[in-house]
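Coordinate-derived values only; no laboratory data. Since the structure is predicted, the reported quantities are computational estimates derived from the model, not experimental observations. We place every Cβ from the backbone using ideal geometry, glycine too, and count neighbours over all the protein chains shown.
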Amino acid sequence: MLSDSDLKVVVLGLGYIGLPTAAVIARTGAAVLGVDVTPAVVETVNSGKVHIEEVDLDGLVSGVVARGSLRASLEIEPADVFVIAVPTPFNADHAPNIGYVLRAATTIATVLKAGDTIILESTSPVGTTEKVRDLLADLRPDLKVPGRSGDQPDIAIAYCPERVLPGRILVELIDNDRVIGGITPRCARKALSFYRRFVRGACVTTNARAAEMTKLTENAFRDVNIAFANELSLIADTMAVDVWEVIRLANRHPRVNILSPGPGVGGHCIAVDPWFLVDADPDNTALIRTAREVNDGKTDRVVEKATALIESMPGVPVACMGLAFKANIDDFRESPALKIVAELARRFGQRIRIVEPYATALPTAFAGTGARLIDIDTAIEDCGIMIVLVDHDLFKSVPAEERVGKAVLDTRGIWGNALPAAAPVVPLLRAG
Ligand code: SAJ
């Protein structure tokens with residue numbers, strides 16, 4: 001095995017996963033080149049800065065860039081290990097788009113040599129790693145690729161999904177177990193020796209197809225379970241029961257662990273990945289598809305409920321609490337909160353005020369609507385209606401006394417039970 005300082009690694013894609021991964025590998029002493037198609041990203045990283053917010057990432061990147069272990073470039077260079085961490089979005093019909101992965105493989109083919117290892121980390125439909133293998137075989141007929149001839153292959157190809165949680169990426173990159181799926185067992189072993197350099201969690205080997213499906217399964221599992229909680233919130237509303245109370249009580253059963261209802265599911269992972277399974281096998285994915293529909297439908301229900309509340313109190317200013325896709329992060333991608341508030345801003349214009357401690361300006365979705373960003377104190381003073389869409393710690397810290405007399409629609413259950421028994425009766429609407 002190459003010593004850490006001799007190992008050359010190229011990470012393709014310097015996004016939410018690629019940049020932290022490149023920095024963590026660089027910290028081991030390997031020479032890491034991050035390749036990205038966006039010049040601004042390359043410039044930012046080369047100046048030791050970061051273009052994404054993630055806990056402790058700025059310090060790590062500035063350190064490894066200053067030491068010379070991490071560089072960024074628009075151009076690929078030869079290396080020993082290539083890690084692909086590019087996006088895999090889906091098209092309008094929910095079919096996955098692996099174009100970026102295949103483009104990354106095409107780029108790698110230009111510098112590939114015998115002895116190299118290629119690892120795909122992007123969330124991908126089952127069979128993508130084999131497609132990468134087939135593409136490399138076509139582009140580089142001089143190299144023996146794994147699984148395509150009886151001879152000892154010249155290169156190793158494996159799939160190893162990232163499974164880190166935004167906000168905890170640097171911790172989870174090291175501590176989480178990794179599933180490493182090789183095109184052949186030998187490929188898996190080569191990739192395993194790479195991950196052992198920086199992963200403290202267990203590294204478990206399997207084949208590429210199983211590893212690809214494992215990643216999709218993890219996020220579909222979570223989506224289905226959140227959908228169950230969201231469906232319960234609708235039923236509880238019909239029954240005039242507090243869903244948070246029911247979940248708390250049900251979860252006292254030793255084998256029940258219900259997740260939390262909310263305004264829908266956001267982010268780039270859980271709301272996307274289940275569709276990869278549905279697309280691959282539409283006949284056998286009724287549950288997974290329905291979960292997606294329940295979670296998306298919940299967002300529409302919150303819009304309708306908020307609209308009814310706002311219309312019932314003409315002229316009263318409305319505080320929409322949060323735009324992020326989940327608590328305590330500045331990530332607004334695929335955020336149900338943002339979708340809901342943008343629609344309310346279209347409907348109610350300048351009555352809509354937005355409190356988002358992680359935003360310095362409103363996203364473009366609000367241009368021309370008259371909605372504006374305010375701080376939490378102004379919201380408490382000025383707004384008679386409060387709609388909670390994100391469970392930021394800042395919002396949780398607002399005590400019941402400061403909400404007395406306000407109409408609250410709490411989709412996250414952070415305030416639902418906080419009113420003291422003696423509080424005046426106010427229209428308190430539950431999630432649903
Ligand atoms: N949510 C709920 N109720 C819950 C839990 C979450 O409504 O009880 C919502 C959140 O508010 C958010 C969305 O679901 O809108 C997703 O948030 P999350 O924290 O569950 O997950 P992500 O998208 O930040 O990260 C997930 C993780 N996957 C799993 O937990 C199975 C992470 O480990 C993956 O690495 C990541 O997807 C990914 O990149 O695939």
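How many percent of Cα pairs in the range 8-201 exceed 32 Å? Can you show the working numbers first?
Values: 2000 of 18721 pairs.
Summing the P(r) of the range 8-201 above 32 Å gives 11 percent of all pairs.
Give me Rg/Rg_expected for the range 172-257, where Rg uses Cα atoms only and Rg_expected = 2.2 N^0.38 Å with N residues.
Numbers: Rg = 19.4 Å, N = 86, 2.2 N^0.38 = 12.0 Å.
Here the answer is 1.62, to two decimals.
Expected output is a single nm value to one decimal: the length gained when fully extending between ARG103 and ALA286, i.e. 0.36 nm times separation in residues minus the C-alpha distance. What is it? Before the final figure, lay out the partial values.
Details: separation 183, 0.36 × 183 = 65.88 nm, distance 3.27 nm.
Length gained, ARG103 through ALA286: 62.6 nm.
How high is the relative contact order of the range 242-384? Use alpha-carbon pairs under 8 Å, at least six apart in sequence, and give a whole percent.
Relative contact order comes out at 21 percent.
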- With only Lys, Arg, Asp and Glu charged, each at its Cβ (+1 for the first two, -1 for the last two), find how big the charge dipole of the chain is about the Cα centre; round to the nearest 20 debye. 620 debye
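Per residue, what volume in Å³ does the Cα convex hull of the range 250-299 take up?
On the way: hull volume 5.1 nm³, N = 50.
Dividing the Cα hull volume of the range 250-299 by its residue count gives 102 Å³.
Just flag the trypsin sites (Lys or Arg not before Pro) in the range 7-69 sitting in loop per DSSP whose Cβ has no more than 16 other Cβ atoms within 10 Å. If you can, show how the numbers build up before the last one.
On the way: sites: LYS8, ARG27, LYS49, ARG67; in loops: LYS49, ARG67.
Passing sites in the range 7-69 are LYS49, ARG67.
Local charge sum around PRO20 (other residues, Cβ-Cβ under 10 Å, Lys/Arg +1, Asp/Glu -1)? Please report the intermediate quantities before stating the final value.
On the way: positive: none; negative: GLU54, ASP56, GLU162, GLU172.
That sum, taken over residues with Cβ under 10 Å, equals -4.
Hey, any idea what Rg/Rh is for the range 240-430, computing Rh the Kirkwood way over Cα pairs?
Ratio of gyration radius to Kirkwood radius for the range 240-430: 0.99.
Which links in LYS49/LYS326; LYS215/LYS298; LYS113/LYS190; LYS8/LYS190; LYS215/LYS326 stretch past 19 Å when you go from one Cα to the other? Don't skip to the end; give the middle numbers.
Values: LYS49/LYS326 25 Å; LYS215/LYS298 25 Å; LYS113/LYS190 15 Å; LYS8/LYS190 15 Å; LYS215/LYS326 21 Å.
Checking Cα-Cα distances, LYS49/LYS326; LYS215/LYS298; LYS215/LYS326 exceed 19 Å.
Report the gain in length on full extension from THR307 to LEU165: 0.36 nm times residue separation, minus Cα-Cα distance, nm rounded to one decimal. Can you show the working numbers first?
Numbers: separation 142, 0.36 × 142 = 51.12 nm, distance 3.28 nm.
Residue separation times 0.36 nm, minus the Cα-Cα distance, leaves 47.8 nm.
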- Given 0.36 nm per residue, what is the gain on full extension from THR360 to ARG200 after removing their alpha carbon distance, in nm? 53.9 nm
- Task: Could you give the spread of the C-alpha atoms of the chain along their three principal axes, from largest to smallest, in whole angstroms?
- Result: 78, 48, 39
